[in-house]
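Down below is the structure, laid out as structure tokens.
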Amino acid sequence: MYVVKFEDLSKSDIGIAGGKGANLGELTQAGIPVPPGFVVTAQAYEKFMDEAGINDSVMQILDEIDINDTKALQAAAEKIKSIIIEAPIPEDLVLFIREFYNELCQRVGEDDTDVAIRSSATAEDLPEASFAGQQDTFLHVSGDDEVIEYIRKCWASLFEARAIFYREENNFEHSKVYIAVVVQKMAIADKAGVMFTVNPSTGEEIALIEGSWGLGEAVVSGDVTPDNYQVDKKDNEIINVTISDKKVMYTNDENGTSVKVEVPEDMRNARVLSDEELIELTEMGKRVQAHYGEPMDTEWAFERDNLFLLQARPITTLGDAPAEEDSDVGETGDVLVKGLGASPGMATGKVKIVLDIDELDKIKDGDIMVTTMTTPDMVPAMRRASGIVTDEGGVTCHASIISRELGIPCVVGTGNATTTLEENIGVTLDGKKGLVFEGISEAKEEAPTVANVEAAPIITVTEVKANVSMPEAAERAAATGADGVGLLRTEHLMLTSGIHPGKFIADGKEDELIDTIADNVQIVADAFYPKPVWYRTLDAPTDEFITLEGGENEPREHNPMLGWRGIRRELDQPEILKCEFKAIKKLHEKGYANIGIMIPLSQNPEELKQATALCSEVGLEPHKDVDFGMMVEIPAAAIMIDEYIKIGLDFVSLGTNDLTQYTLAVDRNNEFVAKHYSEEHPAVMKLIERTIRKCAEAGVTCSICGQAGSVPHIVEKLVGFGITSVSSNADAIADVRKTVARAEQKIILDAARKRLE
Ligand code: PEP
Ligand code: MG
């Protein structure tokens, strides 16, 4: 069967009609209103390829491709597509298509009726990415010659460079992938959109409906932020209506071609769907779900008062839904790459792949930067990006820390973003779930801004502080109402200056180094004054310092994470550490008594002794002039905390990013072992608990500034252990504060109940 009407297809026909075609058949058979149409089957495509005699030449081009040579891949894709476009279509197939199209015209009573032509993937077990993708939809095709031309374009789209790359990478045989084409009467929609028959992120029995004016393209392509409605399926109660400002719509011009136009002023903020229409849609959603026996993701349209479904497919992503309500990627395309959500928020933009530092100029405002791993010299370009995607890294790597601070959504550790994503394609990035979708969607959930991280009026006894790395992020962090800065990562501030601290010393510019540090720290101290700011002395691994001017002589270490960093390095280079102490002294003398000093990555109490001695040497007396504390980041320090306390500590802060990697032998920047990295591993939690308890016994303030301090359910446990302060990323502060308040109240309540027993 080469051409089949929807009426003659069912959902079991994926092998011939593809997923879309089979579902349209199933809906038609179930009596759900669907604009009529037919499918040019996968067998028709196979016949075309065979009879045109082009299989061998196509396969030969594919055999010779080096898919990692982007230019060659593009050229090969173009060549194959032109072979397909130029090859003759078997005469009987042409006749079939004409016959079915003309019959469709008769059925709807229109000459040369407008149809939509879409590719339809034929194998359930092959992901969409192995096919051409959703953009291969051609609207308003009319007349049999044009229909045939666009069917051919759909066939050719099976050989887009991206699809070839994907199949090669995943070892799918090109010759076994076929494509069907759906030809369907255009619904000239007055309003259209999408409906999930359950909440795709929670599975709740709520119809989630998005709608906008005109053709559904505006919603599907993400050109518009649609109205959002929620209807409780139990009793059809409308539980949420969010009307958005709908700026554009697709409509027909006088030739029947669809065009993007501005929504008339009086309709922009008008509600698209009435209560009655919402209930009609919900009822239809219930029917579709009952028919399929599972939650469905649908596209709908109202043509005047008539409701149609244009597409239906099972929601395959329940739980890790790419189309979660709050993240609103809506009907954006396939998930192109997955990684770890490192900085929350949605971002859209054009992909710019940066493989070399020389390419940073490519990044213009609003682009999505895609790179292996960011380095400090990339920060200026990172600031211009609307989102960041990396191949490598975990949630505490350079890219993660900086993007959180800048409030830029970020996905790290994808493994393959630089090879999978194509330059200049539009993508949507979900920095919470760690997903990058094809296509541009208007994001509702924006990266946190001062406005949406505004402090909640919640008072907690446990202090809730902020982590800050860059002076420019201080205002935003302070706007959260944080109780101070529990970690000022100085190396980022230094690294963004672009010059290696050792170079200042080598050039005899100690004073300049002191001023650079003091000026930058002052910005943070001002933003938080008089709340405490804990300045952490330099802790950059050698592979980060290397990129700085003057960093050429950094040693090449096998594993920089286990190498020359933190206080051990600083004690080897005391001249740099002394400059840091002098900078803090200078600020204290200017009245910034709120700045404390914290040393990183200590494994031996002797280091604390030496560091405090150096600080006294510059005339800043630890514990007297300045609060002096340390991070607990190495199991050795957690185990020997009593001895450190004996030497003298004003405070301790748990650096769980490092504590986790050193306890579990998991490189925190290595995406291959990321799944073994867990701050909640019982051994890590034991070290944390022990440190907190020992500090409490000794009356030493104990805080946390690792990423675990931004994870509410971990923070809840730490409050139970008796932690006295928590330092989180700016975007997490509001949530953490609520969690802390609840945990504190629970402790009080439990104690009161005990007394009553
Ligand atoms: C940590 O290790 O938990 C920490 C906060 O320090 P950094 O992430 O800068 O190593
Ligand atoms: Mg650390």
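The values are calculated or read from the model by the stated rules, or taken from the named source; none is laboratory data. A quick note: this is a predicted structure, and the numbers were derived from the prediction, not measured. Note that we place each Cβ from the backbone using ideal geometry, even for glycine, and neighbour counts take in every protein chain shown. Side chains included, ligands, DNA and RNA excluded: accessible areas come from the protein's heavy atoms. Shrake-Rupley method; radii C 1.70, N 1.55, O 1.52, S 1.80 Å.
Of the solvent-accessible surface of the range 335-446, computed with a 1.4 Å probe and all protein chains present, 50% belongs to carbon and sulfur. Each DSSP beta bridge with both residues in the range 335-446 is either parallel or antiparallel, and the antiparallel ones are about 60%. Please grab the % of Cα pairs in the range 191-314 that end up more than 19 Å from each other. Within the range 191-314, distances greater than 19 Å cover 45 percent of Cα pairs. Stokes-Einstein at 4 °C, 1.567 mPa s, Kirkwood radius from Cα pairs: D for the range 459-756 in µm² s⁻¹? It diffuses with D of about 67 µm²/s by this estimate. The local environment of MET561, defined by Cβ-Cβ distances under 10 Å, has a net charge of -2 under the rule Lys, Arg +1 and Asp, Glu -1.
Please list 404-414, 237-247 highest first by mean number of surrounding beta-carbon atoms within 10 Å per residue.
Details: 404-414: 27.5, 237-247: 14.5.
Final packing ranking: 404-414, 237-247.
Rolling a 1.4 Å probe over the protein chains gives HIS291 an accessible area of about 80 Å². Straight-line reach from LYS582: taking Cα to Cα under 14 Å and skipping same-chain neighbours fewer than 8 places apart, the aspartates and glutamates in range are GLU510, ASP511, GLU512, ASP515, ASP519, GLU617, GLU621, ASP625. Note on the range 480-569: along the principal axes its Cα atoms extend 42, 30, 20 Å, ordered by decreasing extent. The Cα atoms of the range 335-446 cover 31, 27, 24 Å along the three principal axes, with the biggest extent listed first. For LYS260, the aspartates and glutamates whose Cα comes closer than 14 Å to its Cα, not counting residues fewer than 8 places off in the same chain, are ASP190, GLU217, ASP223.
Considering only DSSP beta bridges where both residues belong to the chain, give the percentage that are antiparallel (nearest 5).
65 percent
Mean silhouette area of the chain, derived from the convex hull of its C-alpha atoms and averaged over all directions, reads 36.8 nm².
Evaluating 6.51 cos²θ - 1.76 cosθ + 1.60 at θ = phi - 60° for every residue in the range 55-71, the Karplus couplings come out as 3, 5, 5, 5, 5, 5, 4, 5, 4, 8, 6, 9, 5, 8, 9, 4, 5 Hz, glycine and proline recorded as x. For each pair in LYS71/LYS352; LYS694/LYS717; LYS176/LYS675; LYS503/LYS585; LYS5/LYS47; LYS20/LYS350, compute the distance between the two Cα atoms and list the pairs where it is over 25 Å. From LYS71/LYS352; LYS694/LYS717; LYS176/LYS675; LYS503/LYS585; LYS5/LYS47; LYS20/LYS350, over 25 Å: LYS176/LYS675; LYS20/LYS350. With the biggest extent put first, the Cα atoms of the range 1-112 measure 49, 28, 22 Å across the principal axes.
Does anyone have the angle between helix 574-589 and the longest principal axis of the chain? Alpha-carbon axes, 0 to 90°, nearest 10? Its long axis makes an angle of about 80 degrees. Taking all protein chains as shown and a probe of 1.4 angstrom, TYR292 keeps an accessible surface of around 20 Å². A simple count of charges around SER386, restricted to other residues whose Cβ falls under 9 Å of its Cβ and scoring Lys, Arg +1 and Asp, Glu -1, yields -1. For the peptides 668-679, 420-431, the ranking by packing is 420-431, 668-679, with the highest mean count of neighbouring Cβ atoms within 10 Å listed first.
The listed peptides 344-357, 376-389, 555-568, ordered by packing as a protection proxy, come out as 376-389, 344-357, 555-568 (highest mean of other Cβ atoms within 10 Å first).
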